[in-house]
1. Only one of Lys72, Lys96 is charged (D, E, K, R), under 28 Å from Ser38 (Cα atoms), in the same structural domain as Leu42 (by TED's automatic domain parsing) and surrounded by fewer than 19 Cβ atoms within 10 Å (Cβ to Cβ); which?
2. Given the conditions (1) among the β-branched types (Val, Ile, Thr); (2) surrounded by fewer than 24 Cβ atoms within 10 Å (Cβ to Cβ); (3) within 13 Å of the chain's Cα centre (by Cα), report the number of the one that Val84 does not fulfil.
3. Examine segment 13-27 for a residue that is touching a helix residue (DSSP H, G or I) at 6+ places or on another chain (Cβ under 9 Å), more than 20 Å from Gln214 (Cα to Cα) and without any contact (Cβ under 8 Å) to a residue 60 or more places away in the chain, and state whether such a residue exists.
4. Can you tell which of Leu190, Leu273, Leu216 is buried (at least 18 other Cβ atoms within 10 Å of the Cβ), free of Cβ contacts under 8 Å to residues at least 40 places away in the same chain and not in a loop (DSSP other than H, G, I, E, B)?
5. Picking from Ile221, Ile203, which residue would you name as being surrounded by fewer than 22 Cβ atoms within 10 Å (Cβ to Cβ), modelled with pLDDT of 95 or more, in the same structural domain as Gly50 (by TED's automatic domain parsing) and under 26 Å from Arg14 (Cβ atoms)?
6. Exactly one of these conditions fails for Glu39: (1) in contact with a Ser or Thr (Cβ under 8 Å, 6 or more places away or on another chain); (2) free of Cβ contacts under 8 Å to residues at least 60 places away in the same chain; (3) crowded, with 17+ Cβ neighbours inside 10 Å. Give me its number.
7. What number of residues within segment 96-115 satisfy the criterion of being in contact with a helix residue (DSSP H, G or I) (Cβ under 6 Å, 6 or more places away or on another chain) and outside any helix (DSSP H, G or I)?
Amino acid sequence: MSKKKITIPELLERKSSDQKFTMLTVYDYPMASMVDRSEIELILVGDSLGMVIQGHDGTIPVNIEDMLYHVKLVRRGAPNTFVVGDMPFLSYQVSKEEAIRNAGMLLKAGADCVKMEGGLKIVDKVQAVVDAGIPVMAHIGLTPQTAGMVGGFKVQGKSTAAAEKLVQEALALEEAGAFSMVLECIPAQLGKLIHEKLTIPTIGCGGGPDTTGQNLNAYDILGIFDKFVPKFVEQYAQMGKQMVEVFNTWSKQTNSGEFPAPKHCFTMNEEDLKRLY
């Protein structure tokens, strides 16, 4: 029996009832189909595909066409899971009109909502997208699209001033209509404070244990992507190493003649074969 896709009202209820939920980042049909068979409630099709799938050093090279392509793949694989479509760099910063247009394209591709990175500078864009009838998941703290401005992938909100700014941004984004908020790479105490101040669900991605939901990347927790492993990630398997072992085993069996074995081969009628000689 397939699971029932969670709704935004049900996610909001999770906050008031203090019930947790999980969001896993995946980018393709096979991974999405695995998540759809699991108890995970949400999938984030993240612009982190720039690093994990495309091999870049960051998310800046990802464009809206990339996101539309991957959202379509994930939707096909996970019809019963709530899908979040990440809005990539420069798909919403230029104007409200462009933000609405690109957000709408992600919904048409299969996303149930869009995620927008940033604080006070994008509040008007969030408001415009929400007013257009498109649900928005906000994202503050470490925002990879602008990580270069803060010296790379570093913890945010460690000082009093920086923490106060993040609290202000969280409240402003909620006021603008965001229905949930990712808190990435911030001190656990600050994550708890923001969670308590908001009425909408918070989703920790290195934001501590007191958020409503948690988000990790499937390639990280499976041990497939090992270019770097963030401090907030728990690796539950080492499938990357297992995959290499499988590849090497197959290569050795091919070289030794063990593969393909008779069970892997097709045959033809002996009489037909004789006619060929």
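The values are calculated or read from the model by the stated rules, or taken from the named source; none is laboratory data. Being a predicted model, the structure only gives us computed values, none of them experimental. Heads up, the Cβs are rebuilt from the backbone with ideal geometry, glycines too, and the neighbour counts pull from every protein chain shown.
1. Lys72
2. Only one criterion in (1) among the β-branched types (Val, Ile, Thr); (2) surrounded by fewer than 24 Cβ atoms within 10 Å (Cβ to Cβ); (3) within 13 Å of the chain's Cα centre (by Cα) is unmet by Val84, namely (2).
3. There is no residue in segment 13-27 that is touching a helix residue (DSSP H, G or I) at 6+ places or on another chain (Cβ under 9 Å), more than 20 Å from Gln214 (Cα to Cα) and without any contact (Cβ under 8 Å) to a residue 60 or more places away in the chain.
4. None of the other options fit; the residue is Leu190.
5. Ile221
6. Evaluating Glu39 over (1) in contact with a Ser or Thr (Cβ under 8 Å, 6 or more places away or on another chain); (2) free of Cβ contacts under 8 Å to residues at least 60 places away in the same chain; (3) crowded, with 17+ Cβ neighbours inside 10 Å leaves (3) as the failure.
7. 3
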